[in-house]
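To keep things clear, I will list the structure first and then write my remarks on it.
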Amino acid sequence: MMRELAYRLIRVLDAEGRAVGPWAPEISEEALREGLRDMLKVRAYDTRMTMAQRQGKTSFYMQALGEEAIACAFARALRPGDMHFPTYRQQGLLIANGCPVVRLMNQIYSNTEDPLQGRQMPVFYSERDYGYFSISGNLASQYIQAVGWAMAQAMDGKDGLSVGWIGEGATAESDFYSAMLFASTYRPPVILNIVNNQWAISSRESLARGSSPTFAARGVGFGLPALRVDGNDYLAVYAAAKWAAERARAGLGPTAIEFLTYRTGAHSTSDDPSAYRPKNDSEAWPLGDPVDRLKQHLIAQDIWTEERHAQAVAEIDIEIAEAQKQAEKNGTLHDGPHSSPATMFEDVYKEMPLHLRRQRQEAGV
Amino acid sequence: MARMTMIQAIRSAMDVAMARDDNVVVFGEDVGFFGGVFRCTQGLQEKYGKHRCFDTPINESGIVGAAVGMAAYGKRPCVEIQFADYMYPGYDQLVQDAARMRYRSGGQFESPLVVRMPTGGGIFGGVNHSQSPEALFAHVAGLKTVIPSNPYDAKGLLIASIEDEDPVMFLEPKRLYNGPFDGHHDRPVTPWSKHALGEVPEDYYTVPLGKAAIRREGAEVTMLVYGTMVYVAEAAAEEAGVDAEIIDLRTLLPLDMEAIEKSVQKTGRCVIVHEATRTCGYGAELAAIVAENCFYHLESPVVRVTGWDTPYPHAHEWDYFPGPARVGAALKKVMEKA
Ligand SMILES: Cc1ncc(C[n+]2csc(CCOP(=O)(O)OP(=O)(O)O)c2C)c(N)n1
């Protein structure tokens with residue numbers, strides 16, 4: 001029975017926006033509205049930062065357009081103290097966990113208030129206080145690290161958990177299998193999420209999936225409980241996250257979850273998908289848009305209206321625009337100011353060795 | 001002759017090699033239908049079919065490992081790693097297997113394969129899209145390491161690498177893909193169409209591995225450089241008014257030791273420049289070779305100008321990049337000590 005869940009699709013919202021079936025979660029009206037606002041905020045933030053990149057205010061950006069529900073709902077289903085090991089496309093975790101947007105923008109601009117002092121490319125955040133592990137450029141390495149973190153928590157008898165995140169394309173990396181195996185062997189409190197947005201730059205999901213019917217089935221191969229979930233269904237994501245988190249906290253071990261979604265935008269601002277996929281491909285995606293679907297649900301429940309929605313969109317846009325103005329006061333990538341170049345030499349080692357002190361002096365910074 | 005960018009020249013090399021030898025196969029992440037994120041393999045799948053140019057899953061140990069198996073069988077794989085920064089998962093296959101295949105099997109099996117990878121910074125790639133790992137290859141007995149600095153060499157060296165019987169690491173300075181770059185990041189970009197070495201034959205030719213090229217003859221100081229640093233060296237020598245002999249190494253292994261020795265014995269001074277970190281970088285090897293073989297000709301200590309021993313930063317890219325100002329200062333320093 002459990003096994004089937006890796007091959008079927010867990011959904012809650014039906015075509016009319018009703019919450020139906022065994023996975024319909026208990027969630028308050030306020031929490032639903034908050035979820036919608038989280039997603040709108042991510043979308044507005046992404047729009048503004050993509051634009052800022054085009055305007056030459058930074059070097060690079062990656063949006064989560066079309067897949068906002070996954071990170072937003074997942075974050076709200078977990079607790080403070082849990083640690084996410086995300087990819088570059090889970091800004092929704094940060095926004096839903098209350099990380100101030102200005103702080104994120106400071107990182108995007110590599111400005112004087114960038115918490116990472118301009119060291120990292122845009123979107124490679126690190127936000128320990130918001131349960132967000134430092135992003136690595138090399139795909140998949142975070143996945144096994146999430147398992148290690150969970151093992152450590154279990155050693156200390158804590159009830160916190162960790163969440164590994166990975167794109168379906170990156171499940172091809174060997175570190176993905178390391179994570180599955182260690183999770184299977186040690187059964188620590190970890191949730192292993194696979195965000196299947198259909199594309200890995202120009203490659204279709206089938207290239208990483210091979211002859212297996214689903215990505216969730218990878219979990220089955222390792223003897224892990226595995227779910228396959230409609231990732232554009234805020235309620236289904238929320239329900240699956242709650243279920244997996246409760247199991248982990250009860251000492252029942254890891255869960256693997258595949259979320260189905262669609263990468264509506266380009267891979268990054270360096271990418272032009274028109275060279276490898278049809279222009280209207282995203283419109284053919286059968287699972288719809290996560291924002292539209294949650295909005296429809298709220299309206300169907302009489303706890304939201306088109307007017308309130310339009311108002312929320314406008315308010316959020318103003319909020320993000322304000323944040324952007326504030327962030328730009330701290331500088332942008334090409335116009336500066338930035339932190340002192342001397343910071344380049346810091347944090348390489350806990351204590352700066354002699355050779356680096358000499359190099360810093362030579363650099364004259 | 002045709003005008004080519006470095007991207008077009010690299011593509012042309014694979015095209016020529018695939019046309020001449022059915023055993024040449026090309027694969028890697030996004031290289032098939034799309035033609036690679038830097039477009040170096042564009043059109044090859046269409047021309048040679050999906051069996052000879054194809055996409056792989058995102059797994060670098062898989063890419064290199066499959067290449068080792070195919071090469072042992074008798075194919076000539078020329079694979080792409082999307083960024084040099086992402087070669088590490090494939091490093092085990094390269095070091096433990098590809099590099100030692102002939103040695104450990106008593107010549108029964110070989111690894112004639114090429115691993116292409118964009119390398120270096122200057123594109124705001126930050127920590128994970130700017131690395132220069134050439135020393136990690138040059139340090140491994142059994143691997144060859146090639147770094148071209150222009151379209152003409154890129155094509156000739158790549159064909160020679162594909163034909164070579166040893167595993168060749170082919171590092172492509174991504175900042176040079178579309179034009180030479182001398183480190184003056186605030187000036188307009190010069191395209192390859194305006195550079196003599198953007199003139200590339202459309203047909204077959206090779207540039208042999210192990211031969212350096214003298215980019216500028218000079219009497220006062222020898223500059224040992226490769227990749228992007230060739231242009232930085234040219235600009236620095238010009239701006240500092242120093243009569244430098246600029247040697248573009250082109251291949252780090254095999255190394256053209258004779259060209260180096262001859263030049264340093266003539267000039268008596270040596271400045272080494274690379275973008276990679278300094279400690280145990282390739283410049284350390286070069287400095288040692290110069291010290292061992294040219295000591296009595298030296299009029300001043302050998303000087304290295306390199307990336308600092310830190311990860312490659314994003315915002316402070318131009319403080320990190322060894323640009324013409326730093327290289328010029330090094331030139332003045334070796335001249336003062338005369
Ligand atoms: C080890 C490694 N290899 C290759 C890359 C280059 N790369 C960056 S993102 C990407 C595609 C990843 O696709 P997927 O995992 O499906 O995530 P998505 O971008 O769709 O969210 C590739 C190949 C990398 N960053 N790291």
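Throughout, read-outs are computed from the coordinates displayed, never taken from laboratory work. Owing to the predicted nature of the structure, the values given are computational and were not obtained by experimental measurement. Here the Cβ positions follow ideal geometry from the backbone for every residue, glycine too, while neighbour counts run over all protein chains shown.
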* Taking a threshold of 20 Å on the Cα-Cα distance, which of the pairs B:Lys266/B:Lys333; A:Lys41/A:Lys325; B:Lys155/B:Lys194; B:Lys174/B:Lys211; B:Lys144/B:Lys262 fall above it? -> B:Lys174/B:Lys211; B:Lys144/B:Lys262
* Note down the magnitude of the dipole of the range B:241-302 about its Cα centre, charges +1 on Lys and Arg C-beta and -1 on Asp and Glu C-beta and zero elsewhere, to the nearest 20 debye. => 100
* Of B:Val115, B:Val95, B:Val221, which is the most mobile in a GNM of chain B whose springs link Cα atoms less than 10 angstrom apart? -> B:Val95
* Structure fact -> So the pair-distance distribution of the range A:265-351, from every Cα-Cα distance in 5 Å bins, comes to percents of 3, 9, 9, 10, 12, 14, 14, 11, 8, 6, 3, 1
* To do: First measure r as the distance between the Cβ atoms of A:Ser211 and A:Glu4, then evaluate 1/(1 + (r/R0)^6) with R0 = 25 Å and state the FRET efficiency to the nearest 0.05.
  => 0.85
* Hey, could you get me the Stokes-Einstein D for the range B:213-336, Kirkwood radius over alpha-carbon pairs, 37 °C and 0.692 mPa s, rounded to whole µm² s⁻¹? => 232
* Dipole axis of the range B:1-66 (+1 Lys, Arg; -1 Asp, Glu on Cβ), positive-most option in B:Met4, B:Thr41, B:Met14 -> B:Met4
* Asked: Each label point is 7 Å from the Cα along the Cα-to-Cβ direction; what then is the distance between the points at A:Asp347 and A:Thr185, in nm?
  -> 3.2
* To do: Could you work out how far apart the two model spin labels at B:Met257 and B:Ala325 are, taking each label as a point 7 Å from the Cα in the direction of the beta carbon, and quote it in nm?
  => 3.9
* Return the FRET efficiency for the residue pair A:Glu34, A:Asp14: r is the Cβ-Cβ distance, R0 is 25 Å, and the value is rounded to the nearest 0.05. => 0.65
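Using the Kirkwood formula on the Cα atoms of the range A:3-334, what hydrodynamic radius do you get, in angstrom to one decimal?
Radius from the Kirkwood sum: 20.0 Å.
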* Asked: How big is the range B:47-111 on each of its three principal axes, counting only the C-alpha atoms and giving the largest first in Å?
  -> 36, 28, 14
* Structure fact -> Within the set B:Pro201, B:Pro118, B:Pro167, GNM on chain B using Cα springs under 10 Å gives the largest fluctuation to B:Pro201
* If R0 is 22 Å, what FRET efficiency do you get for A:Arg277 and A:Asp129 from their C-beta distance, rounded to 0.05? -> 0.05
* Placed amide H near B:Val25: partners under 5 Å, 5+ positions off or other chain -> B:Arg76, B:Cys78
* Asked: So for B:Tyr88, B:Tyr296, A:Tyr132, fewest C-beta neighbours within 10 Å to most, what's the order?
  -> B:Tyr296, B:Tyr88, A:Tyr132
* **Two-site label geometry, A:Arg79 and B:Cys280: point separation in nm, points 7 Å out along Cα→Cβ** => 4.4
* Structure fact -> The Kirkwood hydrodynamic radius of the protein assembly as shown, taken as the inverse of the mean 1/r over all distinct Cα pairs, in Å, comes to 27.0
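Take every Cα pair under 8 Å in the range B:1-147 that's 6+ residues apart, average their separations, divide by the length, and report that relative contact order as a whole percent. Working shown, then result.
Details: 232 pairs, mean separation 28.3, N = 147.
Once normalised by length, the contact order is 19 percent.
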* How large is the charge dipole for chain B, taken about the Cα centre, if only the Cβ atoms of Lys, Arg (+1) and Asp, Glu (-1) carry charge, to the nearest 20 debye? -> 120
* **Equivalent ellipsoid, the range B:2-200 (semi-axes from 5 times Cα gyration tensor eigenvalues, Å)** => 26, 19, 15
* How large is log10 I(q)/I(0) at q = 0.12, 0.14, 0.21 Å⁻¹ when the Debye formula is applied to the Cα atoms of the range B:4-78, each weighted equally and without solvent? -> -0.29, -0.40, -0.90
* Structure fact -> With chain B reduced to its Cα atoms and the Debye formula applied, log10 I(q)/I(0) at q = 0.09, 0.10, 0.15 1/Å amounts to -0.45, -0.56, -1.23
* How fast does the range A:94-194 diffuse by Stokes-Einstein, in µm²/s, taking the Kirkwood radius from C-alpha pairs at 4 °C and 1.567 mPa s? -> 88
* Using a Gaussian network model of chain A with C-alpha springs under 10 Å, which one of A:Lys279, A:Lys329, A:Lys41 is most mobile by mean-square fluctuation? -> A:Lys279
* **Point-charge dipole on Cβ atoms (K/R +1, D/E -1) for the protein assembly as shown, about Cα centre, debye to 20** => 620
* Sequence-separation-based contact order of chain B, relative, with Cα cut under 8 Å and 6+ spacing, percent -> 17
* Run the numbers on the range A:70-123 and let me know its relative contact order in percent, using alpha-carbon pairs under 8 Å that are six or more apart. => 27
* Structure fact -> Here the Kirkwood hydrodynamic radius of the range A:1-105, Cα-based and in Å, equals 15.7
